[in-house]
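Chemist: Here it is, the structure in full.
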Amino acid sequence: METKDLLKKVRKIEIKTRRLSDHLFSGEYHTSFKGRGMTFSEVRQYQFGDDIRAIDWNVTARYNEPYVKVFEEERELTMLLVVDVSGSESFGTQGDVKRNIVTEIAATMAFSATQNNDKIGLILFSDQIELYIPPKKGRSHVLRIIRELIEFQPKSKKTNVAQALQFLSATQKKKAIVFMISDFMDQAYEQPLKIASKKHDITGIRVYDKREEALPNIGMVPMLDAETGDLQLVNTAAKSVRIAYEKHYHEQTTYFKEMFSKSGAGVVQTRVDESYVTKLLGYFKSR
């Protein structure tokens, strides 16, 4: 993509998503996430009514009278966008491809965090870590993230959600608000998700296309696997083929919902032709 076209596209996304974040999401984001992190402030003598779980036993033993730890809310948080750039994100039949919707959601979240003076970082993943941008503040930093979301060309087209979660846990030591945006066409990530969720406030946002849910009966069709590059003829007229396709799809979506819920992480699902704004606002208000 030429620089002029890229800048035009970045500007278009900025105008649309910034309007959303300014008028809709910044307040909801603030309510849902601000103050959820706590940092140590000081110790003071125990007072009647204090929670005994806050007693600092080391200081208590030193002075021979009870002292408690005092914590305060973190006012500045870190947001990490963990975004799937595998081959399946280029699929779309409803007037847009998944990757474009993923980019808009990520940009909206980034501008919402900027409104609250939070840092924003980016992890792009396929079956490997394709790009890591450490968390920073500011509009120019957000615009860089949007540019990467638009034009980045991954080395691999496959997906490995576990790899992305392991990288998140290894690189982000302090608690962060994490939005993982993908179609989650993968499994076997239960353990790394459980580990990451203990430290971070994670929300999985699944973006999918209507035609991924079921195969239409249109006879023999050549189908390309976007992640492996395999091309094969599929007989969509065969009921057994359509049933097997739907079964595989529902196994993956059920796994996503169950694993994220089981780990205490948030779940949002939005179809390409639906309003992700409505879905996200509903999610924030339910927290």
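Chemist: Express in whole angstrom the spacing between the alpha-carbon centres of the stretch 230-287 and the stretch 183-203.
Modeler: Computed from Cα coordinates, the inter-centre distance equals 16 Å.
Chemist: Would you indicate which of (1) 81, 46, 33; (2) 53, 45, 37; (3) 64, 48, 34 is the value of Cα extents along the principal axes in Å derived from the coordinates of this structure?
Modeler: This structure yields the entry labelled (1).
Chemist: Give me the extension gain from ALA61 to ASP22: residue separation times 0.36 nm, minus the current Cα-Cα distance, reported in nm with one decimal.
Modeler: Working: separation 39, 0.36 × 39 = 14.04 nm, distance 5.07 nm.
9.0 nm is the gain from fully extending ALA61 to ASP22.
Chemist: Could you tally the net charge around LYS199, taking each other residue with its Cβ under 10 Å from the Cβ of LYS199, Lys/Arg +1 and Asp/Glu -1?
Modeler: So the surrounding residues net to +3.
Chemist: In whole percent, and with a 1.4 Å probe on the protein chains, what portion of the accessible area of the stretch 118-174 is carbon and sulfur?
Modeler: Carbon with sulfur: 46 percent of the solvent-accessible area.
Chemist: Moving on to the next point. Could you tally the net charge around LEU281, taking each other residue with its Cβ under 13 Å from the Cβ of LEU281, Lys/Arg +1 and Asp/Glu -1?
Modeler: +1
Chemist: I would also like to ask the following. Which angle between 0 and 90 degrees, to the nearest 10, do you get for helix 190-199 versus the longest principal axis of the chain when only C-alpha atoms count?
Modeler: The angle comes out at about 30 degrees.
Chemist: OK, next. With everything on Cα atoms, drop me the angle between helix 3-20 and the longest principal axis of the chain, reported from 0 to 90° to the nearest 10.
Modeler: 60 degrees
Chemist: While we're looking at this one, here's another question. Using θ = phi - 60° and the Karplus curve 6.51 cos²θ - 1.76 cosθ + 1.60, what whole-Hz ³J(HN,Hα) does each residue of the stretch 172-181 get, with Gly and Pro shown as x?
Modeler: Per-residue couplings from phi come out as 9, 7, 8, 4, 9, 8, 10, 10, 9, 10 Hz.
Chemist: Still on this model: Can you tell me the 0 to 90 degree angle between the C-alpha axis of helix 161-171 and the longest principal axis of the chain, rounded to 10?
Modeler: Result, in degrees: 30.
Chemist: Using alpha-carbon pairs under 8 Å, 6+ residues apart, how would you state the relative contact order of the chain in percent?
Modeler: So the answer I get is 18 percent.
The values are calculated or read from the model by the stated rules, or taken from the named source; none is laboratory data. Every value quoted in this text rests on a predicted model; they were computed, and no experiment measured them. Heads up, the Cβs are rebuilt from the backbone with ideal geometry, glycines too, and the neighbour counts pull from every protein chain shown. What goes into the accessible areas is simple: the full protein's heavy atoms, side chains included, and nothing from ligands, DNA or RNA. Shrake-Rupley method; radii C 1.70, N 1.55, O 1.52, S 1.80 Å.
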